[in-house]
Amino acid sequence: MGQGFLHSSGSKIIDPNGQEILLRGIGLGGWLVPEGYMLHMEGFANSPSEIRAKIASLIGNANADQFFQLYRNNYVTRKDVDRIAHWGFNSIRLPMHYALLTPKDQPDVYLESGFAIIDSLLSWCEADKIYLILDLHCAPGGQNNGNISDYSGYPSLWESALNQQRTVDLWRKLAERYASKKWIGGYDLLNEPAWNLPPNNQPLLSLYVRITQAVRQVDQNHLIFAEGNWYATDFSGLTPPWDINMAYSFHKYWNPNNALSINTLLNIRAIYNAPLWLGESGENSNAWFTDCVELMEKNNIGWAWWPHKKIASTSSPLSVTPTPEYNNLLRYWNGQGTAPTPDAAQAALNTMAMKLNIDSCAYHPDVIDALIRQPFKTATISFVANTIPGTIYAVNYDMGKYGYAYADMDYQNTGGQGGGSWNLGGEYRNDGVDIERSTDAGGNGFDVGWISVGEFLNFTVTVKTSDAYFIDMRVASSASGGKIILNWDGQDLKSVVNVPLTGGLNQWQSVRVGPESLTVGVHYLAVIFAAGGFNLSSLRFTSTAVGPSGVVDVSQNYPNPFSPVTTVEYKIPHDGRVAFEVYDVLGRKVAVLENGMEAGGKHLLKLDARTLLLASGVYFYRVTLDGAQSNTMKCVLIR
């Protein structure tokens, strides 16, 4: 056995020091094996070949080559690997397409450009001291009949002796190249085979044995991972182990996280004294993520999550916002728009490829927290800094386990593929809390919707100044009867919020309660939904000492009547976006004097009728703060 490499020792995977190691990894899905759902192309192109054909049909083969080069150069960079290590992962699983390493129509020919991609990734992993596990995601011909293996019809891997031999030869080539590389964590021989392989999966076992023998001719060092049939779930016929340095790799999606779900696997480990590895899982809610990792860790099973990056997703650590031009391209391909010119299509695709760079990605800390911290701790931590006085947005509740940071009626999918959504809004965060894009002008662009009785949100808040505070909640409701209870450090506040009918779920209204006396320091606020049927955008905490309205207070201008200049004083309770609006007697807006960010406190404004080109007459003015309106005052101009 080579020194300095991961290898199996009985039922454990051990590191070079002989200590058991749990592989905590993430998969680079979508990089070398593009998938339709990750790129929002699932309606018309799912497999790598289908995606390429769709693109080439618009911009030509040469330009398609250029796009995919740009795509690969940006999808995974040194910064991605650095960030993965920083998050706390110790391994990366790399899905590979055989056609990047050997041409589809040229057996025994190998492409140095493809191996160079792996070399670069390995050098980044070596620098960050994390293991790289090579995964043959797309074998010659396809090991299943789905897009994930780039299957395109007869002959599959199982129907072609040539395809099987090419698979064996490719693994020998990989092993020959990386035999001495200590930060290669192992070889995942075949991703998710799924084929009717009687008797008892014998063709799969035979191929695994042939690959292993070829690898061992040039590499005695590295751990071999073998996946079961039917998407890495069926290991019948694949025992006992055929190599002294191997592990069984299974995949787990959309089922309960209990002992029964892995009992067959645990029996395999116990009977055959061989390690287990959860080589792929994900595509669910944060609560499911946490429960799954917790189950694996309790049973000493390493894991790798799927994937690290997607377009317009909340369930991956990194997400890319599609450009309008890319969305237009998707609409055309879906039969809902006009054809772009080749130049416009190429520009849209190339821009999107560059946006895949990590510097342009949105980061989802809640996903990482669910995988790395929450399996071991029940404490909640802040998602953002929530301070009082100020506005607390409902969607910025704490990060933490289900039942501790939040509760929601639907919070995971355990019903199988297509078994339902855990978040009816599908925006902003990956918990069960139903978050949607919001029309509330005073919000942060999102609100909590589909609220049901018994749900709650917990917030860690910092009170900057001890004071009595009004609490203004932004709600929208199509029916009356909603009710919110506020709990402060474990005690219900005296204020109970009765949510009125506002005219619809997109018609926002402020509901005030208080004053409540709050003391300086860190506190814990629970927003408990005692009755549902409404949407919640924010809670604004305002000192009772700021203006009689507690939101925005506008005084009468002086002098009044005036000619041609007068002064207006107004007070705002906190920093925010302010607009000073002037209307004529017909209700038409004739001027906006200010429209920008201002600090909380008192402000004076000069109203100059000459600058605004106002004629003599009666006018009305008001101030809005983050969309919330002040009282309206009347003034008279004499020219």
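The values are calculated or read from the model by the stated rules, or taken from the named source; none is laboratory data. All figures in this text were calculated on a predicted structure; none of them were measured in a lab. No Cβ is skipped: glycine too gets one built from the backbone with ideal geometry, and neighbour counts run over all protein chains shown. Only protein heavy atoms, including side chains, enter the accessible area calculation; ligands, DNA and RNA are left aside. Shrake-Rupley method; radii C 1.70, N 1.55, O 1.52, S 1.80 Å.
Scan the range 174-188 and give yes if some residue there is open to solvent by less than 20 Å² (accessible area, probe 1.4 Å), at positive phi and either in contact with a strand residue (DSSP E or B) (Cβ under 8 Å, 6 or more places away or on another chain) or among the aromatic types (Phe, Trp, Tyr) (or both), otherwise no. Yes, the range 174-188 contains at least one residue that is open to solvent by less than 20 Å² (accessible area, probe 1.4 Å), at positive phi and either in contact with a strand residue (DSSP E or B) (Cβ under 8 Å, 6 or more places away or on another chain) or among the aromatic types (Phe, Trp, Tyr) (or both).
So which of PRO240, PRO199 is modelled with pLDDT under 95 and either open to solvent by 30 Å² or more (accessible area, probe 1.4 Å) or of a type in the set (A, V, I, L, M) (or both)? Show your work before the answer.
Working: PRO240 fails: modelled with pLDDT under 95.
That would be PRO199, the only listed residue that is modelled with pLDDT under 95 and either open to solvent by 30 Å² or more (accessible area, probe 1.4 Å) or of a type in the set (A, V, I, L, M) (or both).
Quick check, is THR439 in a strand (DSSP E or B), open to solvent by 40 Å² or more (accessible area, probe 1.4 Å) and in contact (Cβ under 8 Å) with a residue 24 or more places away in the chain? Against the criterion (in a strand (DSSP E or B), open to solvent by 40 Å² or more (accessible area, probe 1.4 Å) and in contact (Cβ under 8 Å) with a residue 24 or more places away in the chain), THR439 does not qualify. Taking (1) assigned to a loop (DSSP other than H, G, I, E, B); (2) in contact with a Leu (Cβ under 9 Å, 6 or more places away or on another chain); (3) among the small types (Gly, Ala, Ser) in turn, SER8 satisfies each apart from (1).
Under the condition of being under 20 Å from ALA407 (Cβ atoms) and in a helix (DSSP H, G or I), the residues counted in the range 276-296 number 8.
So which of LEU607, LEU614, LEU536 is under 30 Å from VAL395 (Cα atoms), in contact with a strand residue (DSSP E or B) (Cβ under 7 Å, 6 or more places away or on another chain) and open to solvent by less than 30 Å² (accessible area, probe 1.4 Å)? Spell out how you get there, then give the answer.
Numbers: LEU607 fails: under 30 Å from VAL395 (Cα atoms); LEU614 fails: under 30 Å from VAL395 (Cα atoms).
The unique qualifying residue is LEU536.
The condition of being assigned to a loop (DSSP other than H, G, I, E, B) and either surrounded by fewer than 23 Cβ atoms within 10 Å (Cβ to Cβ) or not polar (S, T, N, Q) (or both) holds for only one of LEU94, LEU70, LEU32, LEU58, that being LEU32. The one condition from (1) open to solvent by less than 10 Å² (accessible area, probe 1.4 Å); (2) outside any loop (DSSP other than H, G, I, E, B); (3) not basic (Lys, Arg) that SER316 does not meet is (2).
Out of LYS483, LYS464, which single residue is closer than 18 Å to SER452 by Cβ, among the charged types (D, E, K, R) and within 34 Å of the chain's Cα centre (by Cα)?
LYS483
Considering every residue within the range 460-472, establish whether at least one is modelled with pLDDT under 95, within 30 Å of VAL320 (Cα to Cα) and either part of a loop (DSSP other than H, G, I, E, B) or open to solvent by 70 Å² or more (accessible area, probe 1.4 Å) (or both). Among the residues of the range 460-472, not one is modelled with pLDDT under 95, within 30 Å of VAL320 (Cα to Cα) and either part of a loop (DSSP other than H, G, I, E, B) or open to solvent by 70 Å² or more (accessible area, probe 1.4 Å) (or both), which makes the answer no.
Please tell me if ARG577 is of a type outside the set (S, T, N, Q), surrounded by fewer than 17 Cβ atoms within 10 Å (Cβ to Cβ), at negative phi and more than 41 Å from the chain's Cα centre (by Cα). For ARG577, the condition - of a type outside the set (S, T, N, Q), surrounded by fewer than 17 Cβ atoms within 10 Å (Cβ to Cβ), at negative phi and more than 41 Å from the chain's Cα centre (by Cα) - is not met.
Filtering the range 154-161 for residues that are buried (at least 21 other Cβ atoms within 10 Å of the Cβ) and of a type in the set (A, V, I, L, M, F, W, C) leaves a non-empty set.
Is the range 619-638 home to any residue that is touching a helix residue (DSSP H, G or I) at 6+ places or on another chain (Cβ under 8 Å) and either modelled with pLDDT under 90 or surrounded by 12 or more Cβ atoms within 10 Å (Cβ to Cβ) (or both)?
The first filter runs over the range 619-638 and keeps only residues touching a helix residue (DSSP H, G or I) at 6+ places or on another chain (Cβ under 8 Å), leaving 637.
Now drop any that are not either modelled with pLDDT under 90 or surrounded by 12 or more Cβ atoms within 10 Å (Cβ to Cβ) (or both), which leaves 637.
Looking through the range 619-638, at least one residue is touching a helix residue (DSSP H, G or I) at 6+ places or on another chain (Cβ under 8 Å) and either modelled with pLDDT under 90 or surrounded by 12 or more Cβ atoms within 10 Å (Cβ to Cβ) (or both).
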